[in-house]
Amino acid sequence: MSNLTPSSSNVPATSSIPLNERSLSQLTAQVRLPQYERRAVTPGIVHIGVGGFHRAHQALYLDNYLEQHPGSNWGICGVGLLEFDRKMRDVLAEQDCLYTLVERSPSGDTARVVGAITQYLYAPEDRPAVIATLADPTCRIVTLTITEGGYYVIEGSGEFDTHHPTIQHDLQNPDIPYGVYGFLTAALERRRKQGIAPFTVLSCDNIQGNGTIARKMLTTFARLQNPDLGDWIAEHVAFPNCMVDRITPATTPSDRQMVADQFGLDDGWPVVAEPFLQWVVEDRFCNGRPNWERVGVQMTDDVHPYEIMKLRLLNTSHLLIGYLGSLKGYTYIHEAMADDQIRQAVERLMDEVTPTLKPVPGIDVSQYKRTLIVRFSNPKIRDQLSRLCLNSSAKLPKWMLGSLQDQLSQNGAIAYLSFTVAAWFRYLNGQDDQGRVLPLDDPMADLLTERVQAGGADPTPLLALTEIFGSLPQSPRFVESVTAHLHQLYEAGTPSTLANLLQP
C-alpha cells in the first residue's frame, strides 16, 4: 500500500492527455472509461487510507457496481489522515479524483479510468470537514486500508496500545483528532446524540480477523473517552471481517511513463496491478450495503477459512520471497521466483503451512497454491522485494506466527517457518550476501537494529521481543531451529543454506 511521489524526472510524453473529467472524451478507445454519470453518484462510503491497493481493489469493485447501478448512493469519499497523504490529495484534485488502473500480464496490458472516488478530504487541513462527512447520514460504510500497523495493537498481547502518542492526543483532544479512532468516535458520538444510525466499519487490511480487531480497538478507545459511547458502539456498530487479495506494487515513475506511452494518458498517480482479484466479505452490516454479489464479491457467513488460507499461503510466502530474494541480490519478485532454490523453498513453505488451514468452501487449495506460484512469477508486475520487507515487525505476527503456533502444538513440521524467521533476522543485518546495503523500513527499526547488532548469529536478543514473538520463544524446538538456520545463513551464505535445507 505504499505509494509514489510523482516525479518530474520522468515527464510523460508531450502527446499524452492530462487526465481529468473534461479530457475523457479525447481518450482513445483502448482505454475503458466510466460508464455512468459521476455527478449523479452520492458517496455513501468513506474510505480512509487511499493508496494503490484501495484504488486497484475496493474502488474497482465499486466502479463496476456503479456501472450497473447509475445514480447509486454508493460512491466513495476518500480521506487522507497523514501528512504523507498531501501528495494523493494534490494528484486527485488535479484529476477530478480520476485515475488509471492498468492490469498487467504476460499476455498484455489493459487500462481503464476508474471514477468511483468522487471526493477526497485531506484531514490535516480540515479535520472538522472529515468528522462532518463521517457523521452525515449519507455515510453508511467506512472502509479502511490503514496498514497492519495502523490499528495500534500491541503484538504479543493483542491489546490496545493506549500509550501511543496519537492515541493520547486524541483522547485528550476529541474535537481535533489525528488518528483513525479519534475521527471515528467523534463522528459516531455525533450520530449517537442526533439519533442517526451508525455506519459499518469494514477493515480491508491484511490482518486475520480484521473486523474483530477493528471492533476491539475502536470500542476500547471509545470507552476510554466515554464509556457510554463505547457501549453504544459495541451494541450498534457492525465490524465485518473480510479477505482482500490483489498484488499491487507501488507505482513507479516508469509506470507513469508506460501509461503515457501506451495509452496516451498523463496520470500523476496511476495504479498497476495483476489480473487476479478477490474479495470475500462477512455479510454483517448495520446500515445497508451495495449488492456486491453482482460484481463478483463473495459474501459469506464465515470469512475465517478464506483469510487464513490467504494470509498463511500468500502473505507468508511473500515474506520468505522478500528476505531470500533480497539476500541473494535480486530487486523484483519475479526475478526471485525464477531462482529455482527460492521457488522450491516457497513451495515447501506452503506445503508446511497447509495442515494448519481449515477447509475452504469452493477452493481447491492445491490449485490455489499453484496459482500463487504463477502470480508471484508474473514478470509484468515488477513488484519490488523491498515492498515485501516493509514493516515486517507488524507483518510476521499477523501473517505467519499463527502457523508456527499451530504446527508446534500439533508437533508438525516447522523447518521452513522457522527458516523464514531466521531469514528475516539475517536481513536485519542490513547487508545482502554480496555486502550491498539492504533497506530497513520498519516502525521498530532502531530497536531491531540494536538487537541484531547485539546478537549477530545468535537470535536470542531478537526472539526476546515479546511484542513480536509473544510466548513462542518458550518452545525449545522453535528456538533451536531458528538458531541453526541463522548460524548457517551467516556462516555459509544464503545459497548454501538453501541447498542444505532443500535436500530430500
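The values are calculated or read from the model by the stated rules, or taken from the named source; none is laboratory data. Note that the structure is a prediction, hence the values are computed from the model and not measured. Here the Cβ is made from the backbone with ideal geometry for all residues, glycine too, and neighbour counts use every protein chain on show. Just the protein is used for accessible areas: all its heavy atoms, side chains included, with ligands, DNA and RNA removed. Shrake-Rupley method; radii C 1.70, N 1.55, O 1.52, S 1.80 Å.
Observations on the model:
- Test: L121 is over 24 Å from N206 (Cβ atoms), open to solvent by less than 10 Å² (accessible area, probe 1.4 Å) and in contact with a strand residue (DSSP E or B) (Cβ under 6 Å, 6 or more places away or on another chain): no
- First in region 286-300 and within 16 Å of P43 (Cα to Cα), second anywhere and open to solvent by 20 Å² or more (accessible area, probe 1.4 Å), Cβ under 6 Å, 6 or more apart: N287/R140; N287/A197; G288/R140
- In region 65-113, the qualifying residues are those that are of a type in the set (F, W, Y) and open to solvent by 10 Å² or more (accessible area, probe 1.4 Å), and the one that is nearest to T248 (Cα to Cα) is F84.
- Strands (runs of 3 or more DSSP E) within region 253-301 that include 3 or more residues open to solvent by less than 50 Å² (accessible area, probe 1.4 Å): 271-273, 278-282
- Near pairs, Cβ below 9 angstrom, 6+ apart or cross-chain, from region 425-448 (over 18 Å from T147 (Cβ atoms)) to any residue that is open to solvent by 20 Å² or more (accessible area, probe 1.4 Å) and aromatic (F, W, Y): R426/Y490; N429/Y490
- Pairs, first within 18 Å of Q434 (Cβ to Cβ) and part of a helix (DSSP H, G or I) in region 317-328, second basic (K, R) and at pLDDT 95 or above, C-beta under 7 Å, six or more apart: L327/R426
- Matching helices (runs of 4 or more DSSP H) fully within region 4-122 where at least 3 residues are out of contact with any helix residue (DSSP H, G or I) (no Cβ under 7 Å at 6 or more places or on another chain) and of a type in the set (A, V, I, L, M, F, W, C): 58-68, 86-94
- Filtering region 89-112 for residues that are touching a strand residue (DSSP E or B) at 6+ places or on another chain (Cβ under 7 Å) and free of Cβ contacts under 8 Å to residues at least 24 places away in the same chain leaves a non-empty set.
- The set of residues in region 26-68 being without any contact (Cβ under 8 Å) to a residue 24 or more places away in the chain and either in contact with a Phe, Trp or Tyr (Cβ under 8 Å, 6 or more places away or on another chain) or charged (D, E, K, R) (or both) consists of R39 alone.
This table checks each residue for (1) crowded, with 20+ Cβ neighbours inside 10 Å; (2) outside any loop (DSSP other than H, G, I, E, B); (3) charged (D, E, K, R).
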{"residue": "P137", "(1), (2), (3)": "no, no, no"}
{"residue": "Y178", "(1), (2), (3)": "no, no, no"}
{"residue": "F183", "(1), (2), (3)": "yes, yes, no"}
{"residue": "K193", "(1), (2), (3)": "no, yes, yes"}
{"residue": "P198", "(1), (2), (3)": "yes, no, no"}
{"residue": "N206", "(1), (2), (3)": "yes, no, no"}
{"residue": "T212", "(1), (2), (3)": "no, yes, no"}
